[in-house]
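The values are calculated or read from the model by the stated rules, or taken from the named source; none is laboratory data. No experiment lies behind these values; they were computed from the predicted model shown. Cβ sites come from the backbone with ideal geometry, for glycine too, and all protein chains shown count toward neighbours. Ligands, DNA and RNA are stripped out before the accessible areas are found, and what is left, the full protein with its side chains, is counted by its heavy atoms. Shrake-Rupley method; radii C 1.70, N 1.55, O 1.52, S 1.80 Å.
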Amino acid sequence: MSIRKTEFISKYYYGKEVVDLDEFIVSLADSCNLNCEYCYLKFSKTPKKPVVYENIEEFIKEIDELFKNSEEKIFYFHFGETTDSLLSKKHIQLLYKFCEVISERSKVYSKSCFIEVRTKTFNISQLTKYNFNFDNLKLIYTTSLSPQNIIDAFEKKTSTLEERISSLKQAQSITKLIGIRLEPIIIYPLVNIDYEGIKKSVLNTIKEYNEVLKKVFDVVDPKNLHSISLSTLRLTKKQFKVLKEKKSKLCFPEMTLCIDGKFRYSRPIRTTIYKELINFIKYHHTNLLEKIILSFEFKYIWQDCGLQIKTLPNLSINVE
Amino acid sequence: MNFLSTIFNSDKIHLTHSQKNFIKETYEILSIFRKDINKIIKEKFKSAMLYSNNKFKNGKIFFEEIYKLRYPITYKKLTQLRKFKIFSLEIDINQTNIYSEKEISEIKNILTTL
Ligand code: SF4
């Protein structure tokens, strides 16, 4: 049994001047062996192999502290930041135990909690073995989606796009809340390095991601969509350096260092991608506009895209 | 990368340390996507030398060409924004109060389209 020595719950810090989505990270496990090329976990102080922590009594103390000391009524807990939420049976078992605890403590403190599980696996069948109908707690099944060519290039060990879409279909039997994460949106392949080549690559990328969204709309009832988040690729300085040495195609030429110390595609590229995807979503389901958020973006980018700033708890207020 | 040392050591051109680093990094990144990138950079160097005998001027022209090669979209946008004295794309234009509404809408259009 592994013991977590640091806190289980932490308020997520997005970075300097980045819009805060107001979520708490719960680290019931660390590390991930799916090995996505862009994953920041390889660059942070996490164990090499996946570890799950079972000292749940510490978690209970922390959750009590948190609920006792805050006036907020709605809490958004993200279980997929330090690992893939559904990486193994053990992860899922623990997730269930943690949910039991959160539900029980929420009743005591009259809180309402939302649990985001985020995955790139096709382990949904393991999840369906549990009953996640808890009081004061709602599960949000979210999956990160990418076109298959991106999965083949940068997420080799993860499930296929078809599997992820199929998991969304199945997830609606467990929960009526689905989250779509187009994160990270990657421009690939790069047609050419000149202006026209980059423009063409961006437009191709938009087309590919629109196709992904179309597949989502084919299987997910829009009423069940809790949120759709969009976020283009970001790389820390260290990641950028290492990936450049490895000659990774993630090292796109038009990436600039932003104020939070991360490399991102230049602003006209990001904004174009976001605006086009937002238009596509709006065209298919106008009322989904209010469920779109930008992850790890600056206020002025939200404004560029005509989006009202909202947080994840905000998005959960009217959820029944 | 020997050809870059040849360029950097040429007495026809002056480049600062950080400009050299940028050029080196640009070469490394673009070589991931284009096998013939050294040929392209060599050509840029040759044509930069055609303008004058002044090594500082040559350095400036060459560096700008490399910047344009690495950031074609950003370069285009910064050129368009020069008249507004804006030198970065990552700015919150709503935080400034020196531009008219018409100018703001022009700036926003430049910043948010390809
Ligand atoms: S699935 Fe998520 S946590 Fe795992 S390697 Fe990929 S990005 Fe990292």
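Scan the stretch A:11-18 and tell me whether some residue there is assigned to a helix (DSSP H, G or I) and open to solvent by less than 20 Å² (accessible area, probe 1.4 Å). Outline the logic, then answer.
First, the residues of the stretch A:11-18 that are assigned to a helix (DSSP H, G or I): none.
Scanning the stretch A:11-18 turns up no residue that is assigned to a helix (DSSP H, G or I) and open to solvent by less than 20 Å² (accessible area, probe 1.4 Å).
Have a look at A:17, A:37, A:81 and point out the one that is within 16 Å of the ligand (Cβ to nearest atom), of a type in the set (Asp, Glu) and within 14 Å of chain B (Cβ to nearest Cβ). Full working, then the answer.
Values: A:17 fails: within 16 Å of the ligand (Cβ to nearest atom); A:81 fails: within 14 Å of chain B (Cβ to nearest Cβ).
Just a single option satisfies the conditions, and that option is A:37.
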Report summary line: The residue from B:41, B:23 that alone is within 15 Å of residue A:193 (Cα to Cα), within 17 Å of the chain's Cα centre (by Cα) and either of a type in the set (Val, Ile, Thr) or within 11 Å of chain A (Cβ to nearest Cβ) (or both) is B:41
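Out of the residues in the stretch A:5-14 that are in contact (Cβ under 8 Å) with a residue 40 or more places away in the chain and not β-branched (Val, Ile, Thr), which is farthest from the ligand (Cβ to nearest atom)? So that I can check it myself, show each step before the final result.
First, the residues of the stretch A:5-14 that are in contact (Cβ under 8 Å) with a residue 40 or more places away in the chain: A:7-9, A:12, A:14.
In the following step, the residues that additionally are not β-branched (Val, Ile, Thr) were identified as A:7-8, A:12, A:14.
Details: A:7: 19, A:8: 17, A:12: 15, A:14: 17 Å.
Across the stretch A:5-14, the extreme among qualifying residues is A:7.
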Query raised in the report: If you go through the stretch A:276-291 one residue at a time, how many are open to solvent by 60 Å² or more (accessible area, probe 1.4 Å), closer than 17 Å to residue A:185 by Cβ and in contact (Cβ under 8 Å) with a residue 24 or more places away in the chain?
Result: 1
Report summary line: residue A:260: passes all of (1) among the acidic types (Asp, Glu); (2) touching a residue at least 40 places away in the same chain (Cβ under 8 Å); (3) out of contact with any Lys or Arg (no Cβ under 9 Å at 6 or more places or on another chain) but (3)
Report task. Taking the residues in the stretch B:80-94 that are more than 12 Å from chain A (Cβ to nearest Cβ) and open to solvent by 50 Å² or more (accessible area, probe 1.4 Å) as candidates, determine which candidate is nearest to residue B:32 (Cα to Cα). Result -> B:87
Report summary line: Selection over the stretch A:197-227 where residues are in contact with a Leu (Cβ under 9 Å, 6 or more places away or on another chain), under 17 Å from residue A:271 (Cβ atoms) and open to solvent by less than 30 Å² (accessible area, probe 1.4 Å) yields a count of 6
Query raised in the report: Between a first residue in the stretch A:70-81 that is open to solvent by less than 10 Å² (accessible area, probe 1.4 Å) and a second residue that is away from the ligand (no atom under 16 Å from the Cβ) and among the β-branched types (Val, Ile, Thr), which pairs have beta carbons less than 6 Å apart while being 6 or more apart in sequence or on different chains?
Result: A:77/A:115
Query - Close pairs from the stretch A:222-237: first within 19 Å of residue A:14 (Cβ to Cβ) and part of a strand (DSSP E or B), partner among the hydrophobic types (A, V, I, L, M, F, W, C) and open to solvent by 10 Å² or more (accessible area, probe 1.4 Å), Cβ under 7 Å, at least 6 apart - result: A:227/A:315; A:231/A:296; A:234/A:263; A:234/A:296; A:235/A:263; A:236/A:43
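Given the condition open to solvent by less than 20 Å² (accessible area, probe 1.4 Å), within 29 Å of residue A:250 (Cβ to Cβ) and part of a helix (DSSP H, G or I), answer yes or no: does some residue in the stretch A:129-148 qualify? Can you show your working first?
Going residue by residue through the stretch A:129-148, those that are open to solvent by less than 20 Å² (accessible area, probe 1.4 Å) are A:132, A:137, A:139-147.
In the following step, the residues that additionally are within 29 Å of residue A:250 (Cβ to Cβ) were identified as A:140-147.
Adding the requirement that they be part of a helix (DSSP H, G or I) leaves none.
Taking every residue of the stretch A:129-148 in turn, none turns out to be open to solvent by less than 20 Å² (accessible area, probe 1.4 Å), within 29 Å of residue A:250 (Cβ to Cβ) and part of a helix (DSSP H, G or I).
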Query raised in the report: If only one of A:26, A:51 is in contact (Cβ under 8 Å) with a residue 40 or more places away in the chain, over 29 Å from residue A:294 (Cβ atoms), more than 14 Å from every other protein chain (Cβ to nearest Cβ) and within 16 Å of the ligand (Cβ to nearest atom), which one is it?
Result: A:51
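Away from the ligand (no atom under 16 Å from the Cβ), in a helix (DSSP H, G or I) and surrounded by 15 or more Cβ atoms within 10 Å (Cβ to Cβ): does that describe residue A:58? Quick ask: steps written out before the conclusion?
On the way: away from the ligand (no atom under 16 Å from the Cβ): yes; in a helix (DSSP H, G or I): yes; surrounded by 15 or more Cβ atoms within 10 Å (Cβ to Cβ): yes.
Criteria met by residue A:58.
Tell me yes or no: at least one residue of the stretch A:219-233 is among the small types (Gly, Ala, Ser) and within 22 Å of residue B:72 (Cβ to Cβ). Steps first, answer last, please.
Taking the stretch A:219-233 as the starting set, the residues that turn out to be among the small types (Gly, Ala, Ser) are A:227, A:229, A:231.
The next check asks that each one be within 22 Å of residue B:72 (Cβ to Cβ); those that pass are none.
Among the residues of the stretch A:219-233, not one is among the small types (Gly, Ala, Ser) and within 22 Å of residue B:72 (Cβ to Cβ), which makes the answer no.
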Query raised in the report: What number of residues in the stretch A:1-42 are within 18 Å of residue A:120 (Cβ to Cβ) and not hydroxyl-bearing (Ser, Thr, Tyr)?
Result: 13
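Suppose we filter A:101, A:117 for residues that are at negative phi, buried (at least 23 other Cβ atoms within 10 Å of the Cβ) and at pLDDT 95 or above; which single one remains?
On the way: A:101 fails: buried (at least 23 other Cβ atoms within 10 Å of the Cβ).
That would be A:117, the only listed residue that is at negative phi, buried (at least 23 other Cβ atoms within 10 Å of the Cβ) and at pLDDT 95 or above.
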Query raised in the report: Does residue B:104 satisfy being without any contact (Cβ under 8 Å) to a residue 12 or more places away in the chain, surrounded by 15 or more Cβ atoms within 10 Å (Cβ to Cβ) and outside the structural domain of residue B:8 (by TED's automatic domain parsing)?
Result: yes
Query raised in the report: In the stretch A:38-55, what count of residues is obtained for those that are assigned to a strand (DSSP E or B) and not aromatic (Phe, Trp, Tyr)?
Result: 2
